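First up is the structure itself, then whatever we jot down about it.
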Amino acid sequence: MPTSKDIISALAPLADASRVPAMRAYMREQFPFLGIPTPARREALKPAIRAFKGAPPAELLGIADELWRLPEREYQYAALDLMAAHWKQFSAGDLPELLAFVMRKSWWDSVDGMAAIIGDVLRFGHDGMDQAIKHDSFWMRRIALLHQLGWRGKTDEMRLFRYSLALGHENEFFIQKAIGWALRDYARHAPHNVAHFINENKASLSKLSVREAGKHLAPFA
């Protein structure tokens, strides 16, 4: 079975110092980088990640944790790539460990990556999300808002609307944006329901959330 060293070795030759300044600037100088573009990283990691097929959840989480501890941001991306590729090997019982990644080296890139993984693992369920929506960390609240992205007809509409209203008063940019994103995504399936929700609750939502939610709805274009 491969180890985190196999992933590290696959990425090392691709490091490009000339790309680092722009990548650091894009992430507001919060993280060091190797300077590897996403397409090159994913292509290089395919063999190593494929080799983890059938690995138990504890092993996947252990490798992801080892990568997460490394300073350069590409290693967190590699951990996300690994977990995303093998999400079917996780269950709701692994959610505490998965959610723990949300709280470490948090920024929109890693948090949104984890939201997608958690959404896949939940498989149209909502274990832990009622707790997440009330969490002290706005990153965890963002997970709760975004966990249904792409679910279309499987979306729990009332939960989505309830969560949006529960956080509608918040001034945090990443929460306002997430509300708008979640509503806009669901609007692809149920535009009239989302339009009605926005019309009825404009006073309880930020202008940013309303604008983002209504980007593809005629009344808010």
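The values are calculated or read from the model by the stated rules, or taken from the named source; none is laboratory data. Just so it is clear, the structure is predicted and the values come from calculations on it, not from any experiment. All Cβ positions, even for glycine, are placed from backbone atoms using ideal geometry, and neighbour counts span all protein chains on display. Calculation scope for accessible area: heavy atoms of the full protein, side chains included, ligands and nucleic acids excluded. Shrake-Rupley method; radii C 1.70, N 1.55, O 1.52, S 1.80 Å.
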Please identify the helices of the chain, taking whole runs of DSSP H, that span at least 30 Å along their own axis as judged from the Cα atoms and have a mean Kyte-Doolittle score of 1.6 or higher. none
Descending packing, highest mean Cβ count within 10 Å first, for 209-218, 141-150, 52-61 is 141-150, 209-218, 52-61
With every protein chain kept in the model, how would you rank His169, His135 by accessible area, 1.4 Å probe, largest at the top? His169, His135
By accessible area with a 1.4 Å probe, ligands and nucleic acids excluded, highest first: order of Met23, Met1, Met114: Met1, Met23, Met114
Accessible surface of Arg184 in the full protein assembly, 1.4 angstrom probe, to the nearest 10 Å²? 40
Alpha carbon centroid spacing (whole Å) that separates region 70-109 from region 28-49: 15
Kirkwood Rh in Å, taken over region 34-134 so that all alpha-carbon pairs contribute: 13.9
Regression test value, accessible area per residue of region 61-205, probe 1.4 Å, units Å², expected 42
What whole-number volume per residue, in cubic angstrom, does the convex hull of the C-alpha atoms of the chain give? 125
With all protein chains present, how much of the accessible area of the chain (probe radius 1.4 Å) comes from carbon and sulfur, to the nearest whole percent? 55
If you keep only loop residues by DSSP, which chymotrypsin sites (Phe, Trp or Tyr not before Pro) in region 102-202 have at most 15 other Cβ atoms within 10 Å of their Cβ? Trp107, Phe124
With R₀ set to 41 angstrom, the calculated FRET efficiency between the beta-carbons of Ser9 and Asn193, to the nearest 0.05, is 0.25
Under the rule of -39500 (n - 2.57) per DSSP H run of 4 or more residues, summed and divided by the residues of the chain, what mean residue ellipticity at 222 nm is obtained, to the nearest 500 deg cm²/dmol? -17500 deg cm²/dmol
For the full complex of protein chains and a 1.4 angstrom probe, list Tyr77, Tyr26 by accessible area with the highest value first. Tyr26, Tyr77
